[in-house]
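Asks: Pasting a structure below so you can have a look.
Values in this text are rule-based calculations from the coordinates and carry no lab data. Fair warning: this is a prediction, and the values are worked out from it, not measured in the lab. Cβ: placed from backbone, ideal geometry, glycine included. Neighbour counts: every protein chain shown.
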Amino acid sequence: MKKIILFAIILLFNFILHAQRFKGIIYFNDGTVKKGLLKVINDDVLYKKDKKTKRKIYNYSQVDSISYYHKGIRKFEYIKLNEKDPPILAYIKIDDYLKLYKIIRYETEKKRQKKTKTSIAKDGSIINEQYEGREYEVKKTTATFFLKRKNEKFVTYFTSFRAENDYGKSFKEVIAEYFKDCQDIVEKVGRKKFKKKDYLKIVEYYNQRCK
């Protein structure tokens, strides 16, 4: 249930693709493609051939992946976490035999200021009274990464930053299990030559030497 709630509030693009349309390409499951203006809302792809045409809405049942142009080409692909949950769109950070996917999540948490009022009692003692001040919002941006080899159906959780680990495995546990076919990586992590911050290097190393 926790994972379902987590991904229900995911906003996939840390750019402004939600706010406006960009030129891009839709790659359909049947092998066809469409070029036009794209916008993503949650996991639906909104498509218009041009500004004057009527929009169409597509989802994972028709679409395999999309790419759009914004300071270079950026490609997103529908990924499956498990058999039960529907696929979600994820940014392809590394596109190789072993793919690295990135999902951005935005959260807003409401808090109240805690203040202290100081006064002096009749006997001269100091009284400190705590009370709640105005309400304010704290915004958090978190990034979660997933792995998938070309022959795999589901993605595997890799690591996350500025987020709680909702998958029950530490970084070293993921390394030991998922990269057991590449002992070089397991040993480098064990000797701290590769650390969590080296997540990109780890995937690149695997694609260069272990696939």
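Asks: Using a simple spin-label model with points 7 Å from Cα along the Cα→Cβ vector, what separation in nm is obtained for T156 and N82?
Replies: 1.7
Asks: With only Lys, Arg, Asp and Glu charged, each at its Cβ (+1 for the first two, -1 for the last two), find how big the charge dipole of the range 172-211 is about the Cα centre; round to the nearest 20 debye.
Replies: 260
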